[in-house]
Structures are given as structure tokens and as C-alpha cells.
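The block underneath contains the structure these notes are about, expressed in C-alpha cells.
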Ligand code: PMP
């Protein structure tokens with residue numbers, strides 16, 4: 001049977017990681033894979049996570065199963081971090097998932113169960129795993145314009161024009177904040193316009209929020225999601241804790257379904273737990289429990305918020321330093337967009353040839369579409385990157 005399997009395409013980011021590892025140059029800079037790195041290049045276990053894990057180790061008396069939808073206290077704590085008081089508890093269903101990827105996958109399966117003909121609308125560009133999962137599930141997809149390669153900002157009129165083609169029952173996938181791969185984000189006014197349009201089209205928004213706290217802060221980063229969830233009749237939200245709690249390998253995420261029609265809550269919740277049962281039964285618990293302990297304990301929470309804020313402002317500082325270095329070198333404001341973008345990524349707008357030139361000549365490793373992980377920089381490598389960008393004539 002195995003001879004019937006086809007080879008799968010190689011993951012480009014993983015291939016880049018291998019090439020970086022094998023590069024002997026000491027000055028090489030890794031701006032590839034999407035994990036946060038501190039100025040020394042480490043991806044640390046956050047202080048509050050360490051403390052919570054210690055407490056958990058001491059207090060945990062059983063490893064028996066939790067609930068099919070995960071620990072209800074985790075669902076409550078994380079949904080409240082994402083949604084604040086934008087929706088009431090009786091409108092919300094939620095089930096813990098193995099990471100944000102699990103939540104997105106399961107959100108799409110739910111859509112497929114309800115409406116197999118729905119088209120899923122994706123921003124162009126988007127995180128490559130979005131189209132890949134949709135293809136795997138054999139669902140329909142379409143693209144809406146999102147990024148203007150000249151201004152390196154959101155092409156909002158293009159986006160709205162394309163979303164005008166959305167049909168009733170279609171699903172519009174939006175990045176809650178810190179758009180991956182571009183770093184360009186909607187303003188609050190634009191979120192309201194998008195909400196209006198999706199509402200008029202009787203379509204369903206699916207919000208992927210994987211970087212809350214990495215952009216303008218925990219509350220500010222959730223505003224778009226809250227506007228959508230509080231105004232539209234139905235919203236799906238896939239939240240990840242991988243980045244903002246640094247628990248990548250623990251696979252911690254949550255799928256939320258908000259329906260203003262409270263009569264639907266029981267059936268929706270039942271479908272979410274049904275999907276968990278079919279796919280993996282019980283979701284992973286360790287990361288979820290640690291996240292819940294942090295969110296519900298004022299001391300741990302404040303420790304976590306402080307460290308997350310250090311991470312966020314550190315990246316903002318690097319953005320500003322890089323934009324300044326390029327302003328100086330080019331005598332222009334052409335690269336000011338780097339300081340305007342938010343989150344871990346910025347799309348530089350370089351051609352694949354320029355990206356290759358920067359890798360070969362300067363040891364700068366970024367994804368082929370010129371997505372750079374800002375957290376891969378530090379005070380010293382900013383200048384190496386600025387020189388490379390100028391040398392490659394981006
Ligand atoms: N959505 C986006 C846009 C992401 O960048 C990521 C992480 N790379 C995820 C979702 C999911 O991450 P995870 O499955 O590790 O929680």
C-alpha cells in the first residue's frame with residue numbers, strides 16, 4: 001500500500017532552517033522560522049510558565065482524562081483573554097485544541113460539516129498552512145487582496161472589492177492581529193467596515209489569533225476580534241498560546257464559536273466536543289493547565305504580562321532601529337513601513353533573487369517571499385541586515 005503514496009512537498013521554512021544550521025559563517029542571521037528569540041538567540045521558557053509548572057508538579061495528583069472539550073477553566077480563562085466582555089457566556093462554545101493549528105483545522109471541519117460547499121476566503125498572502133489544510137480537507141478556497149507590495153501596507157480597497165464577491169455561507173479567514181507573513185494590519189475603522197461587509201453578505205468570519213500581545217498589547221490586539229464577535233451573528237475564533245505563552249511544543253490552543261442566537265449554544269458545543277472525540281478524544285492538558293493557572297492567578301498573571309510586554313517592546317525597538325538604519329543608509333523613508341508593521345513578521349517586498357543574494361553574500365536567512373522574523377535580530381545584526389538590504393538594492 002505504501003507504494004501508492006506520493007512524496008509530499010518539502011516545507012520551505014524547515015528547509016531554510018537546515019540550510020542555516022549548515023552555514024559555517026559566524027555572522028549569519030536567522031530570520032526564518034516563526035518562533036520568538038531573545039537577543040541571545042534563545043527561545044526561553046517564560047518565567048511565569050516555569051513557576052506555574054513547578055506549582056503544577058507539586059499539586060497535580062492525577063493524570064486521568066479531563067473533559068472532551070478540555071478543562072472548562074482553561075476555556076473560560078482563554079476565551080476571556082481573547083474576548084474580554086465583548087460576548088456573554090451563553091453565546092460562547094469552546095473546546096481546547098492541540099495548538100492554533102488544531103483549532104483552525106477543527107474550525108474548518110465544523111464548517112465542512114455544516115456547509116460542505118462553503119468557500120474559504122484567504123488573504124493574499126497568508127500563512128501557508130491555511131491553504132494547505134483547506135486543500136487537505138478538500139474544501140473550496142478563494143483569495144482576497146490584502147498586501148500592497150509598493151506601500152507595504154494593507155490594500156484595503158482591493159480587499160473590500162474582492163470580499164464583495166463573498167457568497168452567503170462562505171467563510172472569511174482573518175488574522176486577528178500581527179498578520180503573518182506581512183506584518184500589515186487593519187485599523188479599528190477598517191475592522192468595522194469588514195464586519196459590516198461580512199454581515200451584509202451573510203458570511204461567517206473565522207479569526208486566527210496567534211500573536212495576541214505581540215503587536216500593540218494584549219487588549220489592543222484583541223479589538224478587531226471583539227468587534228467582529230460582538231456584532232456578527234456567528235463567529236469562529238482559533239486562538240493559539242504557542243507564541244504569547246511561549247509553549248510551542250505543548251500544543252495549546254482553543255476553538256471558540258460565538259452565536260448571538262443563544263438557542264444554538266448547546267448544539268454547537270456538542271459539535272465541538274464531537275469533533276475532538278473523532279480526531280483525538282481529549283486535547284493535550286499540560287500547556288492548557290499552565291495557561292489557565294497563569295491567567296487566573298494575579299501574581300503569575302502580572303509576571304507573565306510583564307515578560308510579554310518586554311518581548312513586545314523589544315521587537316518594536318528592533319523595528320525602529322532597523323527602520324532608522326535604513327533611513328540613514330538610503331536617505332529616504334522607503335523602509336519606514338518596518339516600524340509601522342506589528343508582530344513578529346514583516347514582508348520586506350524583496351524579489352526571490354534579492355532574498356537569495358542576501359543569503360549567499362550576507363548570510364541573512366529569510367523566507368523566499370521576503371518574510372523576516374524581526375525577533376531573529378539583535379542590536380548588532382540590525383546593521384548587517386540593513387547593509388544587506390541596501391546591497392541587494394531592495
Ligand atoms: N496561525 C498563524 C498565522 C501562525 O503563524 C501560527 C504559528 N506559526 C499558527 C496559527 C498556529 O500555531 P500553533 O499551531 O503552533 O499554535
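The values are calculated or read from the model by the stated rules, or taken from the named source; none is laboratory data. Only a predicted model underlies this, so the values are computations on that prediction, with no experimental measurement involved. Heads up, the Cβs are rebuilt from the backbone with ideal geometry, glycines too, and the neighbour counts pull from every protein chain shown.
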Exactly one condition in (1) farther than 25 Å from residue 362 by Cα; (2) within 16 Å of the ligand (Cβ to nearest atom); (3) surrounded by fewer than 18 Cβ atoms within 10 Å (Cβ to Cβ) is false for residue 55; which is it? (2)
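Rundown of residues vs (1) closer than 26 Å to residue 211 by Cα; (2) part of a loop (DSSP other than H, G, I, E, B); (3) within 16 Å of the ligand (Cβ to nearest atom), yes/no style:
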residue	(1), (2), (3)
246	yes, yes, yes
249	yes, no, yes
254	yes, no, yes
257	yes, no, no
265	no, no, no
275	yes, no, no
288	yes, no, yes
291	yes, no, yes
Would you pick out the residues in region 138-176 that are closer than 22 Å to residue 108 by Cβ and assigned to a helix (DSSP H, G or I)? 159, 162, 163
Residue identified as touching a strand residue (DSSP E or B) at 6+ places or on another chain (Cβ under 9 Å), assigned by TED's automatic domain parsing to the domain that holds residue 220 and surrounded by 13 or more Cβ atoms within 10 Å (Cβ to Cβ) among 94, 84: 94
Looking only at residues in region 104-133 that are more than 13 Å from the ligand (Cβ to nearest atom) and closer than 23 Å to residue 69 by Cα, which one is surrounded by the fewest Cβ atoms within 10 Å (Cβ to Cβ)? 113
Residue 198 crowded, with 17+ Cβ neighbours inside 10 Å and within 17 Å of the chain's Cα centre (by Cα): no
Out of the residues in region 177-195 that are free of Cβ contacts under 8 Å to residues at least 40 places away in the same chain and not in a helix (DSSP H, G or I), which is surrounded by the most Cβ atoms within 10 Å (Cβ to Cβ)? 186
Tell me the residue from 67, 48 that is away from the ligand (no atom under 16 Å from the Cβ), surrounded by 13 or more Cβ atoms within 10 Å (Cβ to Cβ) and not in a loop (DSSP other than H, G, I, E, B), please. 48
Is it true that residue 306 is without any contact (Cβ under 8 Å) to a residue 24 or more places away in the chain, part of a helix (DSSP H, G or I), surrounded by fewer than 21 Cβ atoms within 10 Å (Cβ to Cβ) and within 19 Å of the chain's Cα centre (by Cα)? no
Number of positions in region 151-210 that are within 16 Å of the ligand (Cβ to nearest atom) and farther than 18 Å from residue 223 by Cα: 3
Within region 16-37, of all residues that are touching a residue at least 60 places away in the same chain (Cβ under 8 Å) and more than 16 Å from the ligand (Cβ to nearest atom), the one surrounded by the most Cβ atoms within 10 Å (Cβ to Cβ) is 29
May I ask you to verify whether residue 76 is surrounded by 15 or more Cβ atoms within 10 Å (Cβ to Cβ) and in the same structural domain as residue 14 (by TED's automatic domain parsing)? no
